[in-house]
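J.: Below you will find the structure I want to go over with you.
The values are calculated or read from the model by the stated rules, or taken from the named source; none is laboratory data. It should be emphasised that the depicted structure is a prediction, and the values quoted were computed from it without experimental measurement. Note that each Cβ is placed from the backbone with ideal geometry, even for glycine, and that neighbours are counted across all protein chains shown. Remember, those area values only see protein heavy atoms, side chains included, never the ligands or the DNA or RNA. Shrake-Rupley method; radii C 1.70, N 1.55, O 1.52, S 1.80 Å.
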Amino acid sequence: MKIAVIGTGYVGLVTGAGFSDFGHDVTCVDIEPTRIAALQRGEIPFFEPGLPELVARNAKLGRLRFTTSTAEAVAAAQIVFIAVGTPSTAEGAADLSYVIEAARQIGAAISQFTVVITKSTVPVGTADKVKAAVASTTKHPFAVASNPEFLKEGDAVNDFLKPARVIVGADDQKAIELLRSLYHGVLRTNDRIQVMDIRSAELTKYAANAMLATRISFMNELAILCEAVGADIETVRKGIGSDPRIGAKFLFAGAGFGGSCFPKDLRALAHTAREHDVKLGVVEAVERANERQKRVLGERVISHFGGNLEGKRVAIWGLAFKPETDDIRESPALTLIEQLADAKATLAGYDPEAMPNVRERLGDALILASDPYAAATGADALVLVTEWHELRHPDLAKLKSIMRTPALFDGRNVWSGPEARAAGFHYQGIGRRA
Ligand code: NAD
């Protein structure tokens, strides 16, 4: 099948490369000429494990191409995916301007019956707007459908190639058949495709993210209660996670969630509800709890030093919003950096992949070190924000010898408190008893 994918970000590029790997003929489009030029040279514009190999293999076989020309890509395609960004507006709504602009450009380019599918995360009712935008620039027949994406950065290729389920929102039979056949390679049996009405599909994506975020904020609030009552959140987590009705995933207390999806999608969902005079009190509380949680680490460091960080150096390990990505959008590390800089600390950071993005965003607001121990050298405190594998088992003896004062703040509960204390450190996790 001939496919065009509009937008070559985390979702668009993985989608395009993924479908090409199943033998489809894919052209990926982006409005950023430098991004397309880089992709044409075989360079991947962001860090995503497994993606460079997937792109290289399919580009070499001639099944995956890159262009800045929507017209060229869409004219040849039977299926067009919209995978452009939907950032937050100042009011917390999803900004649909990129989606609608892409839809107009698609309309102007289609040359045969085409199925236009929104993969971007978009509020309920967006398909109607996409339909109107496409119709405003074409006389050709077309259908719209919704196919929200559930991949997670850091494991996106795996998620795309082996999805837990594929949600298809469509009311046009031809569109449903095309999508079933398109995903046949991914699912082999079709029983993990769930076909539903478009509005339910659009809402399912937000509901999934809101549910996952709710679990995290719930555990973060419980962690603070654990500290107040002398219980241990890790023990409580295991205790509830072994209940099959609850399950063990997404129950880790920590420094709060960030990323390009959860925060903006919670805001957009609450905004949609307000527009319809519905109050989503739980969703609003989840976001508020997360905003509080993102400040917990910084408050602890500041209070450990009596409220004044002047002359103190703080090292931060992990800057990406989670491990295995270079994405720093709404990362808890950014909140921490702002808090500590306001308190006049000197900051040194290390992240295996995200430092170029941090440099681009924050300039010289913090020293970016070439390895984690260089960041910790001379530090009065070391804070773990993102639990990359390489940061999970620090050499405590080495840290003790290079840090100015031995204080560890573990924002992901991955270090051993007893071991750190035995080695002479002040150690603080989130909601831990030991
Ligand atoms: P991104 O910001 O990484 O990439 C979007 C790309 O679209 C950019 O490269 C931009 O230049 C391009 N673009 C914008 N307008 C265009 C146009 N008219 N024509 C061609 N290209 C255009 O975004 P992302 O993280 O891939 O997210 C895309 C959508 O998918 C969002 O709605 C997001 O919420 C959703 N989503 C993201 C993830 C994720 O993990 N990142 C997961 C699931 C869903």
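J.: Take ASN220 and decide whether it is assigned to a helix (DSSP H, G or I), open to solvent by less than 10 Å² (accessible area, probe 1.4 Å), touching a Gly at 6+ places or on another chain (Cβ under 9 Å) and closer than 28 Å to LEU266 by Cβ.
T.: yes
J.: Still on this model: Taking ARG433 as the residue in question, decide whether it is touching a Cys at 6+ places or on another chain (Cβ under 9 Å) and within 20 Å of SER303 (Cα to Cα).
T.: Judged against the criteria, ARG433 is a match.
J.: In the range 333-434, which strands (runs of 3 or more DSSP E) lie fully inside it and hold 3 or more residues that are in the same structural domain as PRO323 (by TED's automatic domain parsing) and crowded, with 21+ Cβ neighbours inside 10 Å?
T.: By residue number, 346-350, 381-384, 407-410.
This table checks each residue for (1) under 13 Å from ALA315 (Cα atoms); (2) not hydrophobic (A, V, I, L, M, F, W, C).
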{"site": "THR335", "(1), (2)": "no, yes"}
{"site": "GLU360", "(1), (2)": "no, yes"}
{"site": "ILE367", "(1), (2)": "yes, no"}
{"site": "GLY378", "(1), (2)": "yes, yes"}
{"site": "ASP395", "(1), (2)": "no, yes"}
{"site": "LYS398", "(1), (2)": "no, yes"}
{"site": "PRO406", "(1), (2)": "yes, yes"}
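J.: Would you confirm, using the coordinates I've provided, whether LEU182 is under 22 Å from PHE19 (Cα atoms), at pLDDT below 95 and among the hydrophobic types (A, V, I, L, M, F, W, C)?
T.: Here the answer is yes, as LEU182 does meet what is asked.
J.: Only one residue in GLY307, GLY254, GLY241, GLY281 is touching a Gly at 6+ places or on another chain (Cβ under 9 Å), without any contact (Cβ under 8 Å) to a residue 40 or more places away in the chain and not charged (D, E, K, R). Which one?
T.: GLY241
J.: Now a separate question. Just give me the residues in the range 208-217 being open to solvent by 50 Å² or more (accessible area, probe 1.4 Å) and either within 13 Å of the ligand (Cβ to nearest atom) or outside the structural domain of LEU266 (by TED's automatic domain parsing) (or both), in sequence order.
T.: LEU212
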